[in-house]
Amino acid sequence: QVQLVESGGGLVQAGGSLRLSCATSGLTFSRQGMGWFRQAPGKEREFVAAINWSGGGTYYGDSVKGRFTISRDNAKNTCYLQMNSLLPEDTAVYYCAARTWGLGRAPENAYNYWGQGTQVTVSS
């Protein structure tokens, strides 16, 4: 059974940092392109970041470029999202997702597996 479990969310002041983790099981992590998406109240889910299955490329949404960093640790079957210089508009539920042999940025319907999400709240 495939599982993606996000952790690391919480409440932080504007300008602060958080690191989200996405621990996976039940799949061959090293073959998965990983992505992070987020959904704020009343808004559609949006792309945040992605990393190739090979780890050789990373991609970011315009609103987080330069502030967020996606990475992966194949030995731990885990993907990370380091979030710095957080803004109130970063407040959302953050989801990780996986797609086999994923390369580049892709829409959410390209992803096969999803986590349940973790809440990030940034206060002003």
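The values are calculated or read from the model by the stated rules, or taken from the named source; none is laboratory data. Note that the coordinates shown come from a computational prediction; the quantities given were computed from them, not determined experimentally. Don't worry about glycine lacking a Cβ; one is built from the backbone with ideal geometry, like all the others, and counts go over all protein chains shown. Heads up: the accessible areas ignore ligands, DNA and RNA and are worked out on the full protein's heavy atoms, side chains in. Shrake-Rupley method; radii C 1.70, N 1.55, O 1.52, S 1.80 Å.
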Quiz item: Can you find a residue in the range 29-41 that is at pLDDT below 95 and over 16 Å from GLY102 (Cβ atoms)?
Solution: yes
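Condition check ((1) in contact with a Lys or Arg (Cβ under 9 Å, 6 or more places away or on another chain); (2) exposed (fewer than 14 other Cβ atoms within 10 Å of the Cβ); (3) of a type outside the set (Lys, Arg)) across all residues:
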| residue | (1), (2), (3) |
| --- | --- |
| GLU6 | no, no, yes |
| GLN13 | no, yes, yes |
| GLN39 | yes, no, yes |
| PHE47 | yes, no, yes |
| TYR59 | yes, no, yes |
| THR78 | yes, no, yes |
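Could you list, in sequence order, all residues of the range 24-58 that are aliphatic (A, V, I, L, M), out of contact with any Phe, Trp or Tyr (no Cβ under 6 Å at 6 or more places or on another chain) and over 16 Å from GLU89 (Cβ atoms)?
Correct list: LEU27, MET34, ILE51.
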In the range 100-116, anything surrounded by fewer than 19 Cβ atoms within 10 Å (Cβ to Cβ) and more than 10 Å from TRP36 (Cα to Cα) is listed as THR100, TRP101, LEU103, GLY104, ARG105, ALA106, PRO107, ASN109, ALA110, ASN112, TYR113, GLN116
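Taking the condition within 23 Å of VAL2 (Cβ to Cβ) and among the small types (Gly, Ala, Ser), does GLY26 pass?
When the stated conditions are applied, GLY26 passes them.
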Heads up, the strands (runs of 3 or more DSSP E) in the range 1-50 (entirely inside) with at least 1 residues that are touching a Gly at 6+ places or on another chain (Cβ under 7 Å) and among the polar types (S, T, N, Q) are 3-7, 18-25, 32-39
Only unsatisfied item for SER63, checking (1) touching a strand residue (DSSP E or B) at 6+ places or on another chain (Cβ under 7 Å); (2) of a type in the set (Gly, Ala, Ser); (3) without any contact (Cβ under 8 Å) to a residue 60 or more places away in the chain, is (1)
When (1) open to solvent by 50 Å² or more (accessible area, probe 1.4 Å); (2) on the phi > 0 side of the Ramachandran plot are applied to SER54, the one that fails is (2)
Scanning the range 61-76 for residues that are under 16 Å from GLU6 (Cβ atoms) and of a type in the set (D, E, K, R), the one most open to solvent (accessible area, probe 1.4 Å) turns out to be LYS76
When every residue in the range 74-124 that is part of a loop (DSSP other than H, G, I, E, B) and of a type in the set (D, E, K, R) is compared, the one modelled with the highest pLDDT is LYS76
Log entry, pairs with first residue in the range 41-58 being farther than 13 Å from SER71 by Cα and aromatic (Phe, Trp, Tyr), second being in a loop (DSSP other than H, G, I, E, B) and open to solvent by 70 Å² or more (accessible area, probe 1.4 Å), beta carbons closer than 9 Å, six or more apart or on different chains, reads PHE47/ARG105; PHE47/PRO107
